[in-house]
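Here's the structure, in structure tokens; my notes come after.
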Amino acid sequence: MKVYIADEAGFCFGVKRALNLIAQLNEKNQNVQIFGQLIHNRTVLKNLEKKGIGYIESIDELDPGKTLVIRTHGIPKHVENELRRKKIGILDATCPFVKKIHRIVGKIDSGKSRVVIVGDGNHPEVIAAKSYTPDADVVNSMAEAKTIKKSKTIGVVAQTTLNSDFLKKIVAVLLDKAETIEIHNTICHATRIRQEAIKKLAPEVDFVVVIGGKNSSNTRKLFEIASEKNPNTFLIEKSSDLHNLDFIERVNFFKSVGITAGASTPPDEIERVKDFFNNIENIAKEIKNGRTKRNFQH
Ligand code: F3S
């Protein structure tokens, strides 16, 4: 089977930056805790936990003896203010592209515009962005966009991991809602190039595998885009998910696979998936012969 990796896949700038920050603190033997899940990838979180680096969900869980790192998706403004009020030192690993949205949203608000955040209202990034302008409307579907009240001016921002085509469709609906629309395309560069790469690769291969956390927004978007271009698209969290005879029998007659991965998927996970497909014939034989002890890491 021919194995192709999308031109852009896996760890993005913001994730690398956050992990480097944690690694530096760890080298200095500082005890670290993270506010929220640093990134949406269970393997990475488990590895951090093994090093004693866990995460908290609220200020009540704070351990004052540890250095607090803010996750890549950011935290709500009032939580940050509360941490500062309590004089708790923080190291901010919020991705600069996420921070940019906070700044834009604050500015639009001060201009007395209606603010529309396009994205998933339950995602920590959007929850944090909305905290900078609580009156903002959050829309995540065409139906929701249609419910936005008419206004003289609307300012639009997008969750960094949004699908560009989806944003265009929402903006088209909003065009009827205001005389002036100020659109800030805040989909980050890493998201855009990963989406473009899989758009190009997916129709050229027999099937596609997308690797990433099930709760990772950018991974889900890659899966949606790949599925539109190639109906034989599978979403997995890790290479060991492939170790399944039903799946292998389903794809084994295919001649080519395209692989992509969300921005929080580590490079070694991508390599393991690549190795799997390079050896799929042997793995299938081993499983059929009942020798399932091949060393797959979780
Ligand atoms: Fe930042 Fe975009 Fe990655 S917002 S964390 S560079 S997916």
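The values are calculated or read from the model by the stated rules, or taken from the named source; none is laboratory data. Keep in mind that what you see is a predicted model, and the values were worked out from it rather than measured. Heads up, the Cβs are rebuilt from the backbone with ideal geometry, glycines too, and the neighbour counts pull from every protein chain shown. Only protein heavy atoms, including side chains, enter the accessible area calculation; ligands, DNA and RNA are left aside. Shrake-Rupley method; radii C 1.70, N 1.55, O 1.52, S 1.80 Å.
Quick notes on this one:
- The label point for ARG103 and the one for PHE253, both projected 7 Å from the Cα toward the Cβ, are 5.6 nm apart.
- Scanning residues 5 or more positions from GLY54 or on other chains, those with amide H under 5 Å from its amide H are ILE34, with H placed 1.01 Å from N in the peptide plane.
- The relative contact order of the chain, computed from alpha carbon pairs under 8 Å that lie at least 6 residues apart in sequence, is 21 percent.
- Entry note, the range 98-187: relative contact order of 31 percent, from Cα contacts under 8 Å with a spacing of 6+ residues.
- The chain: C-alpha gyration tensor shape, a/c 1.5 cut-off, then a/b vs b/c: oblate
- A DSSP coil position with no more than 11 other Cβ atoms inside 10 Å describes the following GluC sites (Glu not before Pro) in the range 44-113: GLU57.
- Counted charge near GLY89, where neighbours are those whose Cβ lies closer than 15 Å (Asp, Glu -1; Lys, Arg +1): +2
- Positive minus negative residues near CYS12 (Lys, Arg vs Asp, Glu; Cβ under 12 Å): +3
- Sequence-distant aspartates and glutamates (8 or more away, or on other chains) whose Cα lies within less than 12 Å of LYS152: ASP176, GLU179, GLU182
- Under 25 Å between alpha carbons - lysine pairs in the range 64-118 that sit 8 or more apart or on different chains: 16
- Per-atom-type breakdown for the range 63-202 gives carbon and sulfur 53% of the accessible area (1.4 Å probe, protein chains only).
- Residues in the chain average 50 Å² of solvent-accessible surface per residue, probe 1.4 Å, ligands and nucleic acids excluded.
- Selected from VAL105, GLY119, THR153, residue furthest toward positive end of dipole (the range 91-160; charges at beta carbon): THR153
- Expected 222 nm ellipticity per residue - DSSP helices of 4 or more, -39500 (n - 2.57), all of the chain, to 500: -12500 deg cm²/dmol
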